[in-house]
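This report refers to the structure that appears directly beneath it.
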Amino acid sequence: MNAHVAAKGAEIFEKYGPHIGFKELKLILKDTDCVRYPCELVFDAAPLMPGETAHPEPLGDTPEAGFRLCVHPYFLTRLDVVPMLVLYQLVLVNYGEFASADDAEIFGSRALGLCKDEYYQAMCALSDQLGGMGCA
């Protein structure tokens with residue numbers, strides 16, 4: 001699966017990069033070549049675990065019903081980092097339970113044109129801003 005998510009991330013970079021900001025993210029979320037199921041972006045911490053920056057919440061019993069992609073409201077004033085947070089979560093939207101953290105890191109890093117370690121460290125730093133446990 002790593003190769004597939006890497007290729008899909010690279011496609012997003014080719015189509016929307018080299019800089020993916022909040023404006024580009026909104027276009028990506030509407031692009032069915034990038035996002036398999038409908039996604040609504042909301043700033044809502046209620047469904048998030050402590051230290052969790054974002055998470056897709058299913059809107060029904062099947063993925064076709066779509067998702068509410070919840071981003072912690074702390075990042076409402078940091079729209080520049082929201083694409084990084086959302087791209088990580090899109091792997092869960094697109095691949096469901098088959099997606100791993102490694103897949104999410106590969107996908108997000110390729111979509112943003114970053115090396116995987118750089119992306120991972122940035123994601124850890126964002127979680128730390130919420131008082132999260134950080135990354136090992």
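Values in this text are rule-based calculations from the coordinates and carry no lab data. Bear in mind the structure is a predicted one, so any value in this text is a computation, not a measurement. Ideal geometry is used to build each Cβ from the backbone, glycine not excepted, and the neighbour counts take in all protein chains shown.
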(request) For the chain, with a Gaussian network of springs between Cα atoms less than 10 Å apart, report the residue from H55, H19, H72 with the top mean-square fluctuation. (result) H19
(request) Among A125, F75, V86, flag the residue with its Cα farthest along the positive direction of the charge dipole of the range 69-134, charges on Cβ as +1 for Lys/Arg and -1 for Asp/Glu. (result) F75
(request) For the chain, compute Rh as the Kirkwood radius over C-alpha pairs and then the Stokes-Einstein diffusion coefficient at 37 °C and 0.692 mPa s; write the answer in µm²/s, rounded to an integer. (result) 223 µm²/s
(message) Quick query: amide H of E57 versus all other amide H atoms, modeled in the peptide plane; which residues come in under 5 Å with a sequence gap of 5 or more or a different chain?
(response) R68, L69, C70
(request) With both partners inside the chain, how many of the DSSP beta bridges are antiparallel, as a percent to the nearest 5? (result) 50 percent
(message) Using only DSSP helix segments of four residues or longer, with each worth -39500 (n - 2.57), what per-residue ellipticity at 222 nm results for the chain after dividing by its residue count and rounding to 500?
(response) -15000 deg cm²/dmol
